[in-house]
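Q: Dumping the structure here so I can ask a few things about it.
The values are calculated or read from the model by the stated rules, or taken from the named source; none is laboratory data. Every value quoted in this text rests on a predicted model; they were computed, and no experiment measured them. For neighbour counting, all protein chains shown are included, and Cβ atoms are generated from backbone atoms with ideal geometry for every residue, glycine included.
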Amino acid sequence: MPSLLASLKSQSAPLETLQRALTSERVHHAYLFEGQDGVGKELAAFGLAQALECERRAEGSWQACGACSACERVLPKNGVSRHPDVVVLERALYEPAQIGRKNPETAELSIDQVRTLVLARAAFPPHEGRAKVFIVRRAEELSISAANALLKTLEEPGARTHFVLISTQPDALLPTILSRTLRVHFASLSDATLLEILSARGVDGVDLAKIAALAEGSASRALSLANPEDRAERDAFVARAAKAVESPDAMLGLELAEDAKKEKDVLVPRLTELARHYAEEAKARAGANDSRASRAAARSRLALTAVGELEQNGAAQLVVESMILKMRSA
């Protein structure tokens with residue numbers, strides 16, 4: 001198995017940054033990997049951890065072997081790494097009792113998780129590897145108290161201790177956190193790269209070029225768009241949303257928004273599909289000189305606006321409810 005960093009696609013600038021750090025043995029104590037979902041941020045985070053922990057990596061080299069016990073155990077399973085010196089933090093990843101809580105983390109990554117997984121280990125050396133690596137998924141979800149607790153360790157990290165914060169919304173982080181991290185930007189992937197990824201995953205039976213174009217540079221979005229079950233669920237959402245927009249019964253829109261609260265993680269591709277639905281309707285109506293083309297185009301823009309609001313951590317229920325109300329009056 002090749003090293004994770006070696007499999008990073010179309011991210012030459014971030015890869016060069018990490019290669020220089022590893023070959024010079026000057027890996028920064030805290031990185032912020034920023035960019036949209038599905039562009040390789042998490043792959044690079046675990047790739048850096050793998051290189052730091054690899055039992056066979058020679059001094060002056062950035063390549064992990066990918067085959068030793070440490071390299072294999074760094075790979076996440078059920079969201080967490082199996083290596084004792086690679087610790088993953090993420091909202092709701094752990095059962096409440098595991099992090100000293102009574103209730104689940106519903107909205108934020110809590111201070112309890114930071115205390116249990118970071119502060120309790122900060123004073124100790126790596127258990128068995130060359131370094132301790134803390135990977136924080138969706139770092140923008142850190143609560144204020146959790147961010148402040150983490151800040152103390154970022155200011156004075158222990159020897160051989162590294163942090164990688166991953167975020168799609170870096171400006172939502174505290175300025176004090178931003179000032180203590182080295183920001184590494186991950187660009188959107190090209191359509192050609194997305195086609196390569198889809199082909200490598202054995203995706204067929206669909207228009208790959210169309211999927212790549214709709215994915216807007218995100219591999220995870222492209223794979224979701226290509227998944228038959230996901231496609232069926234998106235189609236059902238689009239049909240339900242369109243019915244709510246046209247129905248005289250406003251309750252249909254409110255019910256859709258209520259359900260959206262429980263489906264935030266899959267809303268972006270569904271709303272993107274809704275935007276495409278109305279864009280295609282607008283194109284068809286314009287071709288037929290139908291005056292309703294402008295209304296369909298306006299609804300497509302409203303769906304895309306809702307996508308942007310969700311990506312800025314808007315409340316799913318309120319975003320969908322507002323979108324439906326505006327579409328009804330468009």
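Q: Hey, any hits in the stretch 147-155 for a residue that's farther than 30 Å from CYS68 by Cβ, out of contact with any helix residue (DSSP H, G or I) (no Cβ under 6 Å at 6 or more places or on another chain), at pLDDT below 95 and not hydroxyl-bearing (Ser, Thr, Tyr)?
A: So far as the stretch 147-155 goes, yes, one or more of its residues are farther than 30 Å from CYS68 by Cβ, out of contact with any helix residue (DSSP H, G or I) (no Cβ under 6 Å at 6 or more places or on another chain), at pLDDT below 95 and not hydroxyl-bearing (Ser, Thr, Tyr).
Q: Okay, moving on. Take the residues in the stretch 19-42 that are assigned to a loop (DSSP other than H, G, I, E, B) and among the polar types (S, T, N, Q); name whichever of them is nearest to LEU310 (Cα to Cα).
A: Within the stretch 19-42, the first condition is being assigned to a loop (DSSP other than H, G, I, E, B), and the residues that meet it are 24-29, 35-40.
With the extra rule that they be among the polar types (S, T, N, Q), the set shrinks to 24, 36.
Details: SER24: 40, GLN36: 12 Å.
So the residue we want is GLN36.
Q: So, in the stretch 247-291, how many residues would count as being part of a loop (DSSP other than H, G, I, E, B), in contact with a helix residue (DSSP H, G or I) (Cβ under 6 Å, 6 or more places away or on another chain) and modelled with pLDDT of 90 or more?
A: Filtering the stretch 247-291 down to residues part of a loop (DSSP other than H, G, I, E, B) leaves 247-250, 261-263, 288-291.
Those left that are additionally in contact with a helix residue (DSSP H, G or I) (Cβ under 6 Å, 6 or more places away or on another chain): 261.
Those left that are additionally modelled with pLDDT of 90 or more: none.
Matching residues across the stretch 247-291 total 0.
Q: Identify, please: which residue in the stretch 118-151 is touching a Pro at 6+ places or on another chain (Cβ under 7 Å) and assigned to a loop (DSSP other than H, G, I, E, B) and is, among those, surrounded by the fewest Cβ atoms within 10 Å (Cβ to Cβ)?
A: HIS127
Q: Any residue at all in the stretch 91-111 that's more than 19 Å from VAL39 (Cα to Cα) and assigned to a strand (DSSP E or B)?
A: Yes, some residue in the stretch 91-111 is more than 19 Å from VAL39 (Cα to Cα) and assigned to a strand (DSSP E or B).
Q: Restricting to the stretch 264-280, give me the number of residues that are within 13 Å of GLY314 (Cα to Cα) and surrounded by fewer than 14 Cβ atoms within 10 Å (Cβ to Cβ).
A: Residues flagged as within 13 Å of GLY314 (Cα to Cα) and surrounded by fewer than 14 Cβ atoms within 10 Å (Cβ to Cβ) within the stretch 264-280 amount to 1.
Q: Would you point out the residue of the stretch 43-77, among those that are aliphatic (A, V, I, L, M) and outside any helix (DSSP H, G or I), that is surrounded by the most Cβ atoms within 10 Å (Cβ to Cβ)?
A: Here the residue is ALA64.
Q: Follow-up. Only one residue in ILE211, ILE197 is surrounded by 18 or more Cβ atoms within 10 Å (Cβ to Cβ), in a helix (DSSP H, G or I) and in contact (Cβ under 8 Å) with a residue 60 or more places away in the chain. Which one? I'd like the intermediate steps shown before the answer.
A: Details: ILE211 fails: in contact (Cβ under 8 Å) with a residue 60 or more places away in the chain.
Result: ILE197 is the single residue among ILE211, ILE197 that is surrounded by 18 or more Cβ atoms within 10 Å (Cβ to Cβ), in a helix (DSSP H, G or I) and in contact (Cβ under 8 Å) with a residue 60 or more places away in the chain.
Q: If I ask for residues that are surrounded by 15 or more Cβ atoms within 10 Å (Cβ to Cβ) and assigned to a loop (DSSP other than H, G, I, E, B), which ones from the stretch 170-194 would you list?
A: Once the filter is applied, which keeps residues that are surrounded by 15 or more Cβ atoms within 10 Å (Cβ to Cβ) and assigned to a loop (DSSP other than H, G, I, E, B), the stretch 170-194 yields LEU173, ARG180, THR181, PHE186, ALA187, SER188, LEU189.
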